[in-house]
């Protein structure tokens, strides 16, 4: 790893929203991310928890998830505005 400038790390594969809620979210809450990733994490967590509560099955809940998704996308690298487009 040192040859390529990599550092030892651990990978964890999450296969369900249940695993996210029970394992990943508590870990990330106790080991906070920094800067933009922290903002993205909060929005992502909100979407996943809404899904777990089955809020996506109602129109209001689905629209709430879409609005949160749009906020999350606005934080991404590709969310740039050019001129007056």
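Coordinate-derived values only; no laboratory data. Owing to the predicted nature of the structure, the values given are computational and were not obtained by experimental measurement. Neighbour counts run over all protein chains shown; Cβ positions are idealised from the backbone, glycine included.
Details
- Length added when fully stretched, residue 19-residue 52, from 0.36 nm per residue minus Cα-Cα: 10.8 nm
- Per-residue Cβ neighbour rank within 10 angstrom, fewest leading, 17, 68: 17, 68
- Label point distance in nm, residue 27-residue 70, each placed 7 Å from Cα along Cα→Cβ: 3.3
- Principal axis dimensions, the range 34-77 - Cα atoms, whole angstrom, descending: 32, 16, 10
- Potential lengthening of the chain between residue 59 and residue 39 amounts to 4.7 nm, from the contour at 0.36 nm per residue minus the alpha-carbon distance.
- Relative contact order computed over the chain (Cα-Cα under 8 Å; 6+ residues apart), in percent: 22
- Cα gyration tensor, the chain - rounded (a/c under 1.5), prolate or oblate: oblate
- Using C-alpha pairs below 8 Å separated by at least 6 residues, the relative contact order for the range 34-77 is 47 percent.
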